[in-house]
Amino acid sequence: MYNYFMLKNEVKFIEMKDGDKEDYELLANFEDKYIKGTADRLVRVLKGLDNSMGGYKVSRLEHSLQTASRALRDNASEEMIVASLLHDIGDEIAPLNHSELAAAVLKPFVSEKTRWIVEQHGLFQAYYYNHYYGKDRNLRDKFIGHEFYKDTINFCEKWDQASFDPSYDTIPLKDFIPLVQKIFNRQPYRNL
Ligand SMILES: [Fe+2]
Ligand SMILES: [Fe+2]
């Protein structure tokens with residue numbers, strides 16, 4: 001016995017406004033499956049960071065893995081370890097606001113605290129270099145008193161800025177994949 005969805009694999013419309021309930025139910029079915037593949041696609045994007053901007057002693061992928069390794073070894077929460085792994089995932093397509101991009105990717109699946117740390121890490125990280133460009137290294141001061149101010153300083157100081165070391169004992173990507181799967185298969189927006 002075949003039902004409609006077994007026979008049909010695309011919508012009838014060529015303009016969205018002409019779609020009907022059947023079309024949109026079909027698409028919802030596709031979307032559910034697609035969302036479940038998010039973790040795999042993120043791992044693919046992460047692997048692409050192996051050929052990102054040069055200049056450092058390690059690739060962006062190695063930096064990301066080191067940051068996550070340090071978070072894990074400091075007993076950070078599971079979502080914070082995954083956030084550490086993905087915090088620079090926006091580097092390739094949003095080099096001017098990569099922090100915001102990573103925060104948006106994480107937002108449906110993590111706490112506001114984790115999202116905020118990732119969103120602001122670029123600004124906080126400027127503390128380490130902005131003065132060498134004649135700019136204000138203390139941009140982060142505008143957040144003094146914010147509930148996640150200290151946590152973001154700690155993220156940058158202990159994990160992010162420290163993770164450019166070619167001799168560090170970095171945990172391989174394959175060991176983090178189950179955790180990425182776990183976080184991105186959570187019920188989205190559970191905190192809203
Ligand atoms: Fe960053
Ligand atoms: Fe980073």
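With only alpha-carbon atoms counted, please give the Rg and Dmax of the range 28-137, in Å.
14.9, 53
In whole Å, how far is the Cα centre of the range 11-41 from that of the range 61-126?
Each part's Cα centre sits 29 Å from the other's.
Ranking 190, 115 by Cβ neighbours within 10 Å, fewest first, what do you get?
Values: 190 10, 115 22.
Arranged by neighbour count, lowest to highest, 190, 115 become 190, 115.
Which cross-chain or sequence-distant (5 or more) residues have an amide H under 5 Å from the amide H of residue 137, H modelled 1.01 Å from N in plane?
Result for residue 137 returns 131.
How much net charge surrounds residue 103 when only the other residues with a Cβ under 11 Å from the Cβ of residue 103 are counted, with Lys and Arg +1 and Asp and Glu -1? Working shown, then result.
Details: positive: 107, 115; negative: 100, 112, 119.
Here the count lands on -1.
Could you work out how far helix 21-36 tilts from the main Cα principal axis of the chain, as a 0 to 90 degree angle to the nearest 10?
30
Please arrange 30, 148 by counting, for each residue, the other beta carbons lying within 10 Å of its beta carbon, fewest first.
Values: 30 12, 148 18.
Lowest to highest Cβ neighbour count: 30, 148.
Straight-line reach from residue 150: which lysines fall under 23 Å, measuring Cα to Cα and dropping same-chain residues less than 8 apart?
107, 113, 135, 142, 158
For the Cα atoms of the chain, what angle does the longest principal axis make with the long axis of helix 38-48, in degrees from 0 to 90, nearest 10?
Rounded to the nearest ten degrees, it is 50.
Can you list the GluC sites (Glu not before Pro) in the range 43-135 that are in a DSSP coil and have 10 or fewer other beta carbons within 10 angstrom?
none
When the gyration tensor of the chain is built from Cα positions, what are the square roots of 5 times its three eigenvalues, in whole Å, from largest to smallest? Write down the numbers at each step before the final one.
Working: eigenvalues 270, 71, 54 Å².
Each semi-axis is √(5λ); the values are 37, 19, 16 Å.
Residue by residue through the range 139-156, which ³J(HN,Hα) values in whole Hz follow from phi under the Karplus form 6.51 cos²θ - 1.76 cosθ + 1.60 (θ = phi - 60°), with glycine and proline marked x?
Running phi through 6.51 cos²θ - 1.76 cosθ + 1.60 with θ = phi - 60° gives 3, 5, 4, 5, 9, 4, x, 5, 4, 10, 4, 5, 4, 6, 4, 5, 4, 5 Hz.
If you take the C-alpha gyration tensor of the range 83-192, multiply each eigenvalue by 5 and take the square root, what semi-axes do you get, largest first, in whole Å? Spell out each step's value before the answer.
Details: eigenvalues 117, 70, 33 Å².
Whole-Å semi-axes of the equivalent ellipsoid: 24, 19, 13.
Run the helix sum for the chain: -39,500 (n - 2.57) per DSSP H stretch of 4+ residues, divided by residue count, reported at 222 nm to the nearest 500 deg cm²/dmol.
Values: 9 runs with 95 residues, N = 192.
Roughly -15000 deg cm²/dmol at 222 nm, from the helical runs in the chain.
Specify which residue in the list 72, 114, 45 is farthest towards the positive end of the charge dipole of the chain, using unit charges on the beta carbon of Lys, Arg (+1) and Asp, Glu (-1), about the Cα centre.
72
Mind checking the angle between helix 173-184 and the chain's longest principal axis? C-alpha axes, 0 to 90 degrees, to the nearest 10.
Roughly 60 degrees between the two axes.
No value in this document is a laboratory result; all are computed from the given coordinates. Note that the structure is predicted; figures quoted are calculated from it, not measured. Don't worry about glycine lacking a Cβ; one is built from the backbone with ideal geometry, like all the others, and counts go over all protein chains shown.
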